[in-house]
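Structure record follows, encoded as structure tokens.
A short reminder: the numbers here are calculations on the coordinates, not readings from a lab. Because the structure is a prediction, the values reported are computed rather than measured. With ideal geometry, Cβ positions are generated from the backbone for all residues, glycine too; neighbour counts draw on all protein chains shown.
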Amino acid sequence: MSRIAYVNGQYVPHGQAQVGIEDRGYQFADGVYEVCEVRGFRLVDERRHMARLDRSLRELRMAHPMTPKALGIVMRETVRRNRVRDGIVYVQVTRGEMRRDFPFPPDGTPPSVVVTARSHDTVKLEKQAAEGIAVVTVPDIRWQRVDIKSVALLPNVLAKQAAREQGAREAWLVDDQGRVTEGASSNAWIVTRDGKLVTRPLSGDILPGITRSVVVDLIAREGLGFEERPFTVQEAYAAREAFVTSASQLVMPVVSIDGRPVGNGAPGLIASALRRDYHSQAEFS
Ligand code: PMP
């Protein structure tokens, strides 16, 4: 089936979808994005994703391309046209197209908007969740505003590639004090020996993951022990469980870190339960 992309007001065949070479996303990575889960043809946590997009745009003083409601309609239409039952919808907004120059283009320059959707390989994802994934640690060499979901992802690309070359699915980024910030494309979690869930608090050092925020709500609902604080790589090696969260992987158990088994080397009970119950806490629209 042919894929369809939304580009600046039009639905076009994916292979023909284009923005210009002077687009600031291409020239400067001057753009932001969102990845929203699609489940049963519906958007998952659209409201939280729209709020984060709004924040990213405001932090970078970028114009809103359209109202959140209109963008929601485009996202749903892109999902419908691509017949995505379970997968993701991707939204990218850049500061638009203008002759290459560092300062912002003149007010009124229209932002570029691209929306695409694609189905998950559900069988592969579930197999991964049943087996758990390996992660490796790498130094976090990113800038100080990674709370903004910008398309400038080169350090994340290099980290993910390093992970793949070591046979791992994800890289955990480590600050200069030996503490894990987050994954290259996910938030990082451990469960301590005494059963407490630990993840790094929100700051300029991590992306405020939507999946993370839903898991925080789920933990509160279930009355589980929770500590929002940084944890070290050493602590992670000694943890009972580890997992990552993201809109595309949901709650994904981690079974090894730098080649050392986590706990007994199998997906943890808490991570597996959070994965199973995740959508009971999520919002569908
Ligand atoms: N951190 C980073 C660096 C990411 O790229 C992502 C996924 N976009 C996340 C965390 C997880 O965020 P979310 O749960 O909103 O997908």
Gyration tensor verdict on the range 138-271 (Cα atoms; rounded if a/c is under 1.5, prolate if a/b is larger than b/c, oblate otherwise): oblate
Sequence-separation-based contact order of the range 125-281, relative, with Cα cut under 8 Å and 6+ spacing, percent: 26
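Express in nm, to one decimal, how much length is gained between Ile141 and Glu283 on full extension, taking 0.36 nm for each residue of separation and deducting their alpha carbon distance.
On the way: separation 142, 0.36 × 142 = 51.12 nm, distance 3.41 nm.
Between Ile141 and Glu283, full extension yields an extra 47.7 nm.
Based on DSSP H runs of at least 4 residues, each adding -39500 (n - 2.57), what is the mean residue ellipticity at 222 nm of the chain after dividing by all its residues, to the nearest 500 deg cm²/dmol? Mind dumping the intermediate values first?
Details: 8 runs with 86 residues, N = 285.
My calculation for the chain gives -9000 deg cm²/dmol from helical runs alone.
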If you fit an axis through the alpha-carbon atoms of helix 122-131 and take the longest principal axis of the Cα set of the chain, what angle between them do you get, 0 to 90°, nearest 10? 30
Nearest-ten-degree value, helix 46-59 long axis tilted from longest Cα axis of the chain: 70
Treating only the Cβ atoms of Lys and Arg (+1) and Asp and Glu (-1) as charged, compute the dipole magnitude of the range 125-281 about its Cα centre; round to the nearest 20 debye. 200
With Cα springs under 10 Å, the Gaussian network model of the chain assigns the largest mean-square fluctuation among Phe243, Phe28, Phe102 to Phe102
Lysine pairs in the range 45-177 8 or more apart or on different chains: how many have alpha carbons under 26 angstrom apart? 4
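Only bridges with both residues in the chain count here: give the DSSP antiparallel percent, nearest 5. Write out the running numbers ahead of the final one.
Details: 45 of 56 bridges.
So the antiparallel bridges in the chain amount to around 80 percent.
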In a GNM of the chain with a 10 Å cut-off on Cα contacts, which of Arg179, Arg221, Arg81 has the highest mean-square fluctuation? Arg221
Please give the peptides 134-142, 119-127 ranked by average Cβ packing (other Cβ atoms within 10 Å per residue), highest first, as a rough proxy for protection. 134-142, 119-127
Return the single residue from Asn82, Asn264, Asn156 with maximal mean-square fluctuation; model: Gaussian network over the chain, springs between Cα atoms under 10 Å. Asn264
Please report the antiparallel percentage of the DSSP beta bridges confined to the range 125-281, to the nearest 5. 60
